[in-house]
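Here is the structure we will look at, set down as structure tokens.
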Amino acid sequence: MTRTAPFAAAGLSLTLLLGGCAYNDTLGRNQLILADSTGLEQQSEAAWQQLLRTQNPALTGASVDRIRRVGNRLVEAAGLSNRSWDYAVFNSESPNAFVLPSGKIGVTTSLLALVQNDDQLATVIGHEMGHVVARHPAERASSTALTNLGLQVAQGVAGSRGQTVGSFGAIAAQYGLLLPYSRRAELEADRLGVDYMNSAGFRPSQAVALWRLMAQQRQSGQPEFASTHPSDATRIAALEAYIRERGWS
Ligand SMILES: [Zn+2]
């Protein structure tokens with residue numbers, strides 16, 4: 001609906017709009033992809049470098065090893081080794097995770113503290129990988145005047161000199177890393193994530209347990225994963241139905 005208006009106003013041709021609509025086999029639906037994926041990857045790489053400089057996340061050590069171990073299992077089982085994945089742990093009291101189109105996955109310390117087992121951690125990692133495989137970052141960028149991300153990155157880099165280092169949440173917000181995906185994209189990432197979990201021998205039912213934990217967290221008034229990853233009854237019910245339909249546990 002309104003999504004095409006800004007582009008039309010900017011003088012982009014109808015041909016470009018049509019040309020940007022691509023069928024995604026994984027999802028079984030068409031996607032509007034206007035953003036140049038190389039540009040998006042370059043921009044997100046700049047955002048990643050900025051996060052590394054300002055937030056000093058853990059790139060090695062026990063927490064990162066744990067995430068990498070879980071991530072590698074998912075990657076191998078789901079045949080995702082054709083792209084590169086990397087992991088970092090950010091200090092934050094907000095349980096959150098994000099992924100960049102380049103395959104960089106960030107997880108916060110409080111999310112790691114929240115998960116009760118590796119299956120739940122696999123839920124988070126699988127979900128984030130699902131976003132990349134489904135090209136949700138490019139789709140989001142295309143539908144919400146995504147060139148803004150580039151501007152934000154440029155401003156972020158320029159504005160970083162000599163300034164106080166912001167919190168993880170502030171920096172991530174600055175780069176649009178925690179912008180919400182559509183509900184449809186979230187449910188798609190949920191399903192892809194449990195597909196990967198099941199292939200890798202993790203228990204898909206723990207995905208439901210994880211999202212219940214996140215929902216509790218939200219009720220307790222904590223800042224959330226939930227701002228980007230709405231953990232509500234609908235999502236939990238959809239996941240339960242999907243897992244039941246597959247005959248998984
Ligand atoms: Zn998500």
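Every number here is computed from the coordinates shown, using simple stated rules; none is lab data. From a predicted model like this one, the values you see are computed outputs, not experimental measurements. All Cβ positions, even for glycine, are placed from backbone atoms using ideal geometry, and neighbour counts span all protein chains on display.
Just a few scattered comments:
- Residue order, fewest to most surrounding Cβ atoms within 10 angstrom, among Ser81, Ser199: Ser81, Ser199
- FRET efficiency, Ser84 to Gln116 (Cβ-Cβ, R0 30 Å, nearest 0.05): 0.55
- Taking 0.36 nm per residue of separation and subtracting the current Cα-Cα distance, fully stretching the chain between Gln42 and Arg246 would add 69.6 nm.
- Highest-first arrangement of 97-107, 47-57, where packing means the average Cβ count within 10 Å: 97-107, 47-57
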